[in-house]
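Undergrad: Structure incoming, see below.
The values are calculated or read from the model by the stated rules, or taken from the named source; none is laboratory data. For clarity, every value in this text was computed on a predicted model and none was experimentally measured. Here Cβ is always computed from backbone atoms with ideal geometry, including for glycine, and neighbour counts include all displayed protein chains. Side chains included, ligands, DNA and RNA excluded: accessible areas come from the protein's heavy atoms. Shrake-Rupley method; radii C 1.70, N 1.55, O 1.52, S 1.80 Å.
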Amino acid sequence: MTELDLSAEVYPCPKGSLRHRDVVRKIGGKEQFPLLVDASTGVTMYESGDIVKYLFKQYGQGKSPSFGLLESTIFTGWVPTLLRAGRGMTMWSKAGTVPAEKLELFSFENNTYARIVREALCELELPYVLQNVGEGSSKMSSLLSIAGSKQVPYLMDPNTGFRSGDHKTILSYLFQQYSVGG
């Protein structure tokens, strides 16, 4: 999605979660992840590799995935997760209520600090709009206008007015604002 400069609504479903899993079962017929729902075309599908191929076919304007993209999920997904002791894969036991409006995160896939923020959003089961702002992104000027820099991650919470581009500040905020007894 970063290579294609696509944004997405994300509904995290860590192990042990309940909030969004029913929706996944209703839409896709089974509890399997990731699940892509493309509202523009009506397509719903599972399997990371199939999703990447579909996105490039539908939105790539003739481009192909960069070398290794389809094969890299073990290195870009599983290895970092294992090194961080599975962070982002399981629900945090004190996850609080879902905010009325989705949070908005400016990020790109291989940014270490953005990954940590995405893990926290997943653990807390917080739905958010993911604005991918990789190199050459059409959304970079928007980030610069909003944040005053191109630094990611950058999180905005329309529910409270919180805005920050510092991953430590973001993590502290998320766990204080959206956890039970936070």
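Undergrad: Give me a count of the residues in region 143-176 that are assigned to a helix (DSSP H, G or I), small (Gly, Ala, Ser), without any contact (Cβ under 8 Å) to a residue 24 or more places away in the chain and open to solvent by less than 60 Å² (accessible area, probe 1.4 Å). Lay out the reasoning, then the answer.
TA: Within region 143-176, the first condition is being assigned to a helix (DSSP H, G or I), and the residues that meet it are 143-147, 167-176.
Next, only the ones that are small (Gly, Ala, Ser) stay: 145, 147, 172.
Subsequent filtering for residues that are without any contact (Cβ under 8 Å) to a residue 24 or more places away in the chain retains 145, 172.
Filter once more, so that each one left must be open to solvent by less than 60 Å² (accessible area, probe 1.4 Å): 172.
Residues meeting the conditions: 1.
Undergrad: Kindly indicate the residue of region 97-124 that is farther than 17 Å from PRO158 by Cα and charged (D, E, K, R) and also surrounded by the fewest Cβ atoms within 10 Å (Cβ to Cβ) among those meeting that condition.
TA: Filtering first and then ranking leaves GLU109.
Undergrad: Which members of region 139-182 meet the condition of being modelled with pLDDT under 95 and of a type in the set (Val, Ile, Thr)?
TA: Passing the criteria: only VAL180.
Undergrad: Say whether the condition of being at pLDDT below 90, under 17 Å from the mean Cα position of the chain (by Cα) and of a type in the set (A, V, I, L, M, F, W, C) is met by at least one residue in region 57-69.
TA: No, because not a single residue in region 57-69 is at pLDDT below 90, under 17 Å from the mean Cα position of the chain (by Cα) and of a type in the set (A, V, I, L, M, F, W, C).
Undergrad: Hey, another quick one. In this structure, does MET1 turn out to be among the hydrophobic types (A, V, I, L, M, F, W, C), more than 25 Å from SER137 (Cα to Cα) and at pLDDT 90 or above? First the steps, then the outcome.
TA: On the way: among the hydrophobic types (A, V, I, L, M, F, W, C): yes; more than 25 Å from SER137 (Cα to Cα): no; at pLDDT 90 or above: yes.
Against the criterion (among the hydrophobic types (A, V, I, L, M, F, W, C), more than 25 Å from SER137 (Cα to Cα) and at pLDDT 90 or above), MET1 does not qualify.
Undergrad: Taking interchain pairs and intrachain pairs at least six residues apart, which have beta carbon atoms under 6 angstrom, with the first residue in region 108-132 and over 22 Å from VAL98 (Cβ atoms) and of a type outside the set (S, T, N, Q) and the second in a strand (DSSP E or B) and open to solvent by less than 10 Å² (accessible area, probe 1.4 Å)?
TA: From region 108-132, the pairs are PHE108/ASN132.
Undergrad: Let me spell it out: the conditions are (1) touching a strand residue (DSSP E or B) at 6+ places or on another chain (Cβ under 7 Å); (2) surrounded by 14 or more Cβ atoms within 10 Å (Cβ to Cβ); (3) under 21 Å from VAL129 (Cβ atoms), and TYR46 meets all of them except one. Which number is the exception?
TA: (3) is the only condition that TYR46 fails.
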